[in-house]
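The values are calculated or read from the model by the stated rules, or taken from the named source; none is laboratory data. All of these numbers come straight from a predicted model, not from anything done at the bench. All Cβ positions, even for glycine, are placed from backbone atoms using ideal geometry, and neighbour counts span all protein chains on display.
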Amino acid sequence: MRIVVTNCNTTQEMTEEIVQGARAAAGPGTTVLGLTPAWGPESAEGWLDSYLSAAAVIDLLRTYEGPSYDAVVMAGFGEHGREGVRELVDVPVVDITEAAAHLACLLGRRYGVVTTLERSCGQIEDSLELAGVGRNCAAVVGTGLGVLDLGDTERTEAAFLAAAERVREAGAEVLVLGCAGMTGLQRAVGDKLGLPVVDGVGAAVKLAESLVALGLTTSRSGGYAEPVPKRRVWGRVRSEGEDR
């Protein structure tokens, strides 16, 4: 089984960290291939970045020419694009946001999300609502750290623990890592918090493996029917001096 994991930003180092976490969760016989968009934001933090990221990831999969794959894991927490990718490809597509939330709902009545910047909280809440798991979310709390700040392990752990206390006070019985860049943090903070901590990358990989093993894929009846055939212009050459 081969699973493609798409980073939502153009930072290759983050792709490598995500792939490391995905491989740690994958079962024997599962190959994980990480893909990084050729264009888009270096980190996805806000609505503009998210919509750019969605288009970049869709374009990445549209133009992919590597080995065939059995499932796609979208490693952008709360980011847009999952519905479009489900129309585009003929294999199961699992988004780390809904994967983490669904698994959290199996572990406790209410869960909470600890993410990066506070500006991402509303976007994550909307994504959870759209996935049908928003009603079980006690709170989404930011650490105040940017996505590219997560490389500082000590600082990230301290900020996560502080935000996690706020989530627990809001009634959460399970915690969810609200950024793919936090992958692996669950091992460091789980015991300190005394609560289950769900990593979206690992959750998505295991769900993707299950769907493939069961022979299930996206329904083509209704909302995820194949795109209507038409002319689509995917890009244009940027003129010299034009603002990026």
The range 105-117 residues that are assigned by TED's automatic domain parsing to the domain that holds VAL133, paired with ones that are of a type in the set (Phe, Trp, Tyr) (beta carbon under 9 Å, 6 or more apart): CYS105/TYR111; VAL113/PHE77; VAL114/PHE160; THR115/PHE77; THR116/PHE77
The correct count of residues that are aliphatic (A, V, I, L, M) and touching a residue at least 60 places away in the same chain (Cβ under 8 Å) in the range 125-169 is 2
Only one residue in THR6, THR31 is surrounded by fewer than 22 Cβ atoms within 10 Å (Cβ to Cβ) and not assigned by TED's automatic domain parsing to the domain that holds THR183. Which one? THR31
Which is charged (D, E, K, R), buried (at least 21 other Cβ atoms within 10 Å of the Cβ) and free of Cβ contacts under 8 Å to residues at least 60 places away in the same chain, of ASP95, ASP49? ASP49
For the range 53-84, which positions are aliphatic (A, V, I, L, M), buried (at least 22 other Cβ atoms within 10 Å of the Cβ) and over 17 Å from LEU128 (Cα atoms)? ALA56, VAL57, ALA71, VAL72
Within the range 106-136, which residues are assigned to a helix (DSSP H, G or I) and in contact with a strand residue (DSSP E or B) (Cβ under 7 Å, 6 or more places away or on another chain)? GLU118, SER120, CYS121, ILE124, GLU125, LEU128, ASN136
Hey, LEU33 hydrophobic (A, V, I, L, M, F, W, C) and in a strand (DSSP E or B) or not: yes
Filter pass, ASP126 being at negative phi, out of contact with any helix residue (DSSP H, G or I) (no Cβ under 9 Å at 6 or more places or on another chain) and not assigned by TED's automatic domain parsing to the domain that holds GLY46: no
Do we find a residue being buried (at least 22 other Cβ atoms within 10 Å of the Cβ), out of contact with any Lys or Arg (no Cβ under 6 Å at 6 or more places or on another chain), under 18 Å from ALA180 (Cβ atoms) and of a type in the set (D, E, K, R) anywhere in the range 34-44? no
What's the total number of residues in the range 164-199 that are buried (at least 24 other Cβ atoms within 10 Å of the Cβ) and assigned to a helix (DSSP H, G or I)? 4
